[in-house]
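Let me begin by presenting the structure, written as structure tokens, before commenting on it.
Derivation of every value follows stated rules applied to the coordinates shown; laboratory data play no part. Given the structure is predicted, the values throughout are model-derived calculations rather than measurements. Note that each Cβ is placed from the backbone with ideal geometry, even for glycine, and that neighbours are counted across all protein chains shown.
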Amino acid sequence: MKASITLQVDGRQRSLSLDTRTTLLDALREHLGVKAPKKGCDHGQCGACTVLMDGRRVTTCLSLAVACDGAIVTTAEGLAPGGRLHPVQQAFLDHDALQCGYCTPGQICSTVGMLEEAKAGHPSFVTQGLSPQANLNDSEIRERMSGNLCRCGAYVNIVAAIRDAIGKGAMP
Amino acid sequence: MSPFEYERATDASAAVARVSARPNAVFLGGGTNLVDHMRLGIARPELVVDVSRLPLRAIERLPGGAVRIGAGVRNSDLAADGTIRSQYPVLSQALLAGASGQLRNLATTAGNLLQRTRCAYFQDVTVPCNKREPGSGCSAIEGHNRDHAILGASQQCVAVHPSDMAVALAALDATVVVLGRQGERRIPVVEFHRLPGSSPQRETVLEHGELITAVELPALPVAQHSAYYKVRDRASYAFALVSVAAALQISDGRVADVRIAFGGLAHKPWRAVRAEASLRGAPATEESYRRAAAAELADARPLKHNAFKVPMARNTLQMLLRHLTAGVR
């Protein structure tokens, strides 16, 4: 069964006709050639396909593209318009927060979304008293980023990069 | 994935009529479990009716202090809500203990209740499973059953319900509001999920075509003193081996009110009525907590690989009650 949808991807309006079975991840990668979100597990377990949809971080492998009609999608590529790196991207480079890099676009989108959530007062499971003013220490960073796996095990530097980005004002 | 028609619902009653009329039609919410099942071949709907854009996204305070949570409220928004955090902290904590930040931004209240077991045999279409294919047999009973049930299981199925949120809702005496062809009905959440018995393919009391529109929390002062503890194989982003939701009110050194539910032990969130009965009016002491935990687990029937869950459940409950007594959450 075919369906027609429009998406705004990294600032560009895109129209496409696709099979209703197509996930948002496949629509981005295979139909639109947007390769920043990566296909890891394709079951919502690894976070490599994370993007920002309407400003919130989501996995794209478990959403049907047809259900996302009209969405505004920002991928890791869209976080660097004109090649100017987002502070979170710069921090990942500064701290060597990757090895193979496959999970990195998802890690970066997840970090940006996570910082927006913290700013909006969302607590995490490790936030004392469910306070809306969580202090984003290492334990908070680890808990909030637990949906992004890194099979190279670059976690130590990922946490350092996020800590640095927060210190440099990346917290929106 | 099998081909399917897709329709976006603009009206809840019309969506109910559409799905009711087609035996192989389903509602789509956040998709985090259903789309995965469609890809795995566990679900093969011919018609998908997307209810994610229905106006069911509000959290409302009702007269008298109850709270009505729209079926489409995202798990992340529910966990962060100010009323939920202050009046029902056990619910916020249970939500935040589940899945990941990305998934909680997609997953809905109704979808969380309706998610299906993560039993590895259920999710593998190449092996027998009475839940997936009634009558084919249970691969878990003699198989790898470390994660499986110790309470309320049957010879047909030993799977556990995976939700954290539902465990908190069971402790809080929440009500599920459902829309069907004959109108609305209200189901206590503790009666919403079923034990497997001889029909493990039926996990809830919902009829085909019935749509969850809301979940209601009663005004419940004891819920202010509540918490959710979850024991799992890694510190975050894993399903529970054992979890406990509890609320405890102590007055003059005695238990004035108490609510307890377990996760990870049964085919449904396990409301611990025996433990509660043992505690009501009892001295708020370690001995009372030990006795209550033992009473609830007395009928536990562990499988080959999950006997550890019996002491783990007892200890987790005792620790949580001890911490609630001391005012630690």
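Measuring from centroid to centroid over Cα atoms, what is the spacing of the range B:191-243 and the range B:44-110 in Å?
Distance between centres, Cα-based: 13 Å.
Tally Lys/Arg at +1 and Asp/Glu at -1 over every other residue whose Cβ is under 13 Å from the Cβ of A:P37; what's the total?
Numbers: positive: A:R29, A:K35, A:K38, A:K39, A:R57; negative: A:D10, A:D26, A:E30, A:D42, A:E77.
Residues near A:P37 contribute 0 overall.
Convert each backbone phi in the range A:70-80 into a coupling constant with the Karplus relation 6.51 cos²θ - 1.76 cosθ + 1.60 (shift: θ = phi - 60°), then list the ³J(HN,Hα) values in order as whole Hz, x for Gly and Pro.
For the range A:70-80, the Karplus-derived couplings read x, 6, 9, 10, 10, 9, 4, 5, x, 6, 10 Hz, x marking Gly and Pro.
HN-Hα J couplings of the range A:155-170 from phi, Karplus 6.51/-1.76/1.60, θ = phi - 60°, integer Hz, Gly and Pro as x?
4, 4, 6, 5, 4, 4, 5, 5, 4, 5, 4, 5, x, 8, x, 5
Hey, can you list the DSSP H helices of chain B whose Cα span along the axis is 15 Å or longer and whose average Kyte-Doolittle score is at least -0.5?
Details: long enough: B:286-297 (17 Å, -0.88); B:309-325 (24 Å, -0.06).
Helices meeting the span and hydropathy rule in chain B are B:309-325.
Please give every one of the lysines within straight-line cross-link reach of B:K131, meaning a C-alpha to C-alpha distance under 16 Å, and leave out same-chain neighbours fewer than 8 residues apart.
Here the lysines satisfying the reach criterion relative to B:K131 are B:K268.
What residue among B:D233, B:D124, B:D252 shows peak mean-square fluctuation when chain B is described by a Gaussian network model with Cα springs under 10 Å?
B:D252
Collect residues whose amide H, placed 1.01 Å from N in the peptide plane, falls under 5 Å from the amide H of B:A307; neighbours closer than 5 in sequence don't count.
Counting only residues 5 or more places away or on other chains, the set is empty.
With only Lys, Arg, Asp and Glu charged, each at its Cβ (+1 for the first two, -1 for the last two), find how big the charge dipole of the protein assembly as shown is about the Cα centre; round to the nearest 20 debye.
Roughly 420 debye, rounded to the nearest 20.
Around B:E286, what is the net charge, scoring Lys/Arg as +1 and Asp/Glu as -1 over all other residues with Cβ under 13 Å from its Cβ?
Details: positive: B:R290, B:R291, B:R314, B:R322; negative: B:E287.
After counting each charged neighbour, the total is +3.
Post the alpha-carbon centroid distance, the range A:1-32 to the range B:253-309, in whole angstrom.
With the range A:1-32 and the range B:253-309 each reduced to a Cα centre, they are spaced 50 Å.
For the residue pair B:R146 and A:H43, what label-to-label distance in nm results when each label sits 7 Å from Cα along the Cα-to-beta-carbon direction?
1.6 nm
Neighbouring Cβ atoms within 10 Å as the yardstick, rank A:T111, B:T325 fewest first.
Working: A:T111 30, B:T325 18.
The most exposed by this proxy come first: B:T325, A:T111.
I need the phi-derived Karplus couplings for the range A:17-29: 6.51 cos²θ - 1.76 cosθ + 1.60, θ = phi - 60°, integer Hz, Gly and Pro marked x.
The phi angles translate into 10, 8, 5, 4, 6, 5, 7, 4, 4, 5, 4, 5, 6 Hz.
Who wins for biggest fluctuation among B:D36, B:D77, B:D50 in a Gaussian network model of chain B, springs between alpha carbons below 10 Å?
Most flexible of the set in this elastic network: B:D36.
Once amide H atoms are placed 1.01 Å from N in the peptide plane, what residues at a sequence separation of 5 or more from A:V51, or on another chain, have their amide H within under 5 Å of its amide H?
Under 5 Å from the amide H of A:V51 lie the amide H atoms of A:V58, A:T60, each far enough along the sequence or on another chain.
Only counting other Cβ atoms within 10 Å, I'd like B:V48, B:V231 sorted with the fewest neighbours first. Walk me through the numbers before you get to the answer.
Numbers: B:V48 27, B:V231 18.
Ranking B:V48, B:V231 by Cβ neighbours within 10 Å, fewest first, gives B:V231, B:V48.
Given an 8 Å cut-off on Cα distances and at least 6 residues of separation, report the relative contact order of the range B:5-50 as a percent.
Numbers: 49 pairs, mean separation 25.8, N = 46.
Dividing the mean separation by the residue count of the range B:5-50 yields 56 percent.
Give me A:C103, A:C109 ranked fewest to most by other Cβ atoms within 10 Å of their Cβ, as a rough exposure proxy. Don't skip to the end; give the middle numbers.
Details: A:C103 25, A:C109 31.
By the 10 Å Cβ count, ascending: A:C103, A:C109.
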